[in-house]
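Everything below concerns the one structure shown next.
The values are calculated or read from the model by the stated rules, or taken from the named source; none is laboratory data. In this text, all values refer to a predicted model and were calculated from it rather than measured experimentally. Positions of Cβ are backbone-derived with ideal geometry, glycine not excepted, and every protein chain shown enters the neighbour counts. Protein only, heavy atoms only, side chains kept; ligands, DNA and RNA dropped before computing areas. Shrake-Rupley method; radii C 1.70, N 1.55, O 1.52, S 1.80 Å.
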Amino acid sequence: LLSDESALSKLFGIKFKAISHPENVASPKEHIERMVRSKSFRQKQYINTTHNPKIAALVDLNLISHKCPSFRPFHKFISDHYC
C-alpha cells in the first residue's frame, strides 16, 4: 500500500512523498501510521483494519507492480483471471 502515494493522499487528505522501494520498508504499517500522524499534526490516525481496505480500493495495481516486484505474479494472476 506504500507504493501508491496518491491513494494515501486521497484517503487522508495529506501530501505523501513517493517511496522508491516500498518493499524495503521494514514496518510498512508503522511507517504509514507515523506519516499520517506527523503530516496531520496528530489530528488524524491510521488504523490498518479500517484504512487498508479503503487504500486498497484506491491503489493503482500497475504502479504497485512496477514498484514491488514481489507483487507482479499476483497482479498477473488477477489480470489473467478477472480482467
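Remark: pairs (first residue in segment 40-64, more than 13 Å from Lys29 (Cα to Cα); second residue surrounded by 14 or more Cβ atoms within 10 Å (Cβ to Cβ) and aliphatic (A, V, I, L, M); Cβ separation under 7 Å; 6+ apart in sequence or on different chains) = Ser40/Ile14; Lys44/Val36; Lys54/Leu11; Ala56/Leu1; Leu58/Ala7; Leu58/Leu11; Val59/Leu1; Val59/Ala7. Remark: pairs (first residue in segment 18-36, within 18 Å of Val59 (Cβ to Cβ); second residue assigned to a helix (DSSP H, G or I) and among the β-branched types (Val, Ile, Thr); Cβ separation under 9 Å; 6+ apart in sequence or on different chains) = Pro22/Ile64; Ile32/Ile55. Phe41 passes every criterion in (1) among the aromatic types (Phe, Trp, Tyr); (2) in contact with a helix residue (DSSP H, G or I) (Cβ under 9 Å, 6 or more places away or on another chain); (3) on the phi > 0 side of the Ramachandran plot apart from (2).
A single member of Lys67, Lys15 is within 12 Å of the chain's Cα centre (by Cα) and of a type in the set (D, E, K, R), and it is Lys67. Annotation: of all residues in segment 1-15 being open to solvent by 30 Å² or more (accessible area, probe 1.4 Å) and in a loop (DSSP other than H, G, I, E, B), the one that is nearest to His75 (Cα to Cα) is Leu1.
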